[in-house]
Amino acid sequence: MQTVKMVITGPFSSGKTEFIKSISEIDVVSTERDIKEDTAEAQEKEQTTVAMDFGRITVDDDLVLYLFGTPGQRRFDFMWEILAEGMLGFIVMVDSAKPETFREAKSILETFRAYAPTPYVVAANKQDHPDAWDPEDLRIALRIEPEVKLLPCVAKERDSVRDVLLELLYTILEEMD
Amino acid sequence: MPLQGNLRDFSTTQLLNLMNLSGRTGTLTIFEGIPTGEKDAMQNEKMAPGEVKAKVVFKAGKLVHALLNGQASDLVAVLNKAGKLTDQQAAIIRERAKGTTDKALAVRLIGANYVTKADIVNSIQQYTLDVVYNLMSWREGPFRFEDNVLPDNDIIMVPIDLENVIVEGARRTKNDEELLNNIPNLDMALKFPENPKEKFKGIHLSVEEWRVVSFVNPKNTMRQIAKANNMSEMEIRRIVYGLQQAGLVDIVPPLGADGKRVTPAEAQSRSTGSRKRRTQPGPTKDVVTKLIDRIKSL
């Protein structure tokens, strides 16, 4: 049995867990913990990933794709390099409606680029939000090179997640040529 | 949808870069921040927009007008500030020209030989730049950019290329944290964007900036360029930040001697001789094609 790994990364509350949940054939194995009520994070969401999220897509009897979601908070970043080991490619999720997270998203992108010269795409998530920045503005804001794919995304919609995964796979294929 | 955020997260220099590269037309408004008592996703105090503090207008990616709230920005005030009209002349003209638009007044002042057309253009340009350089020192404040919203037709708008403004703004950046955040890794390399000749036309660079530009090559990391030019880490960051924001260079992973892309970690290990990464054989094209077919079927 061959297993292939892709990593979904991005800042806190950018939609990584939602992304994996939308496409995984199994219930996502999540290491989410309740956030303490009086913390700032609690205003954003009730639970956060502390080690990783894990989803699976079976291709056939011999091939399985694993999706690993990284914890978004910096205090769990010791997990990032472990999760990045041997990845086929990675997706950086960005919450398009929260410019305060763009700098962090860029920093995470650079960190993962430094781990390995693996293909990646950037997903401009929450494009259904009224305050969402346009993907092309995000490209400039995050200083993403023109040759890197920056894709509109709504992580709670399966079709949108599928399109992002496909674009990453096409990128991987192009880099193999 | 309007573009909005806080200067704390997205600086004036970065906004100018965005306007420049996306060729925007519209008005950027910066507000007084009113604490909401809530925290944002990065645990900073959330700010709601309060009173308007400044407005900056762009046309097709060029800066055309800027004003600070509470500061007179009419033509008489601008010419007075530039020393083209004395206080006494300004007071008289203001009294006589009540209700006259700036454009009509400009024609009358030129006709009466008070000022030349060049005086008006240069004074407005300088006034606009002064406002924008002032804004570049602001570290906080909600902003909102609305596409295609322009001020009254009466205002004289003088187009200013943003590249020089951005480079000058970066020279004035005293905030080391902003530089570190924007250029965290000096083991990345630099390359020129498409049509570099076109981009460098009319750009006024300092000697230090030209020294960095002369080393721009995807094989040279910023750390190597700094070393070759005897610059500190913050000096090279400040220069690269200005060049990058003005769209004159791009930051890219470095190329090895063989012309292949290497990771910044590898670039660092090549220069320090430390830290070897484990490489693994990757999946074949056949595997990737199978994955594509499977994902398509979902």
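The values are calculated or read from the model by the stated rules, or taken from the named source; none is laboratory data. Everything numeric here is computed off the predicted structure, so don't read it as measured data. Side chains included, ligands, DNA and RNA excluded: accessible areas come from the protein's heavy atoms. Shrake-Rupley method; radii C 1.70, N 1.55, O 1.52, S 1.80 Å.
Which of rounded, prolate or oblate describes chain B when judged by the alpha-carbon gyration tensor and an a/c cut-off of 1.5?
Note, shape of chain B comes out prolate.
If one puts a single equal scatterer on every Cα of the stretch A:112-166 and applies the Debye formula without solvent, what log₁₀ I(q)/I(0) results at q = 0.18, 0.21 Å⁻¹?
-0.65, -0.84
Rounded to two decimals, what ratio of Rg to Rh does the protein assembly as shown give with C-alpha atoms and a Kirkwood Rh? Write out the running numbers ahead of the final one.
Values: Rg = 25.5 Å, Rh = 24.6 Å.
Rg divided by Rh gives 1.04.
Scan around B:Arg24 for amide H atoms under 5 Å from its own, H built in the peptide plane at 1.01 Å from N, and keep only partners 5 or more places away or cross-chain.
B:Gly61
Give the shape of the stretch B:3-160 as rounded, prolate or oblate, defined through the alpha-carbon gyration tensor: a ≥ b ≥ c are the square roots of its eigenvalues, a/c under 1.5 means rounded, and otherwise the shape is prolate if a/b is larger than b/c and oblate if not.
Note, shape of the stretch B:3-160 comes out prolate.
In square angstrom and rounded to 100, what buried accessible area do you get between chains A and B, total over both, with the probe at 1.4 Å?
Chain pair A/B: roughly 4800 Å² of buried accessible area.
As a test of the definition: which semi-axes, in Å, follow for the stretch B:126-175 when you take the square root of five times each eigenvalue of its alpha carbon gyration tensor? Largest first, please.
22, 15, 10
What 222 nm value per residue comes from the helices of the protein assembly as shown, counting each DSSP H run with n ≥ 4 as -39,500 (n - 2.57) and dividing by all residues, nearest 500 deg cm²/dmol?
Taken over the protein assembly as shown, the calculation gives -11500 deg cm²/dmol.
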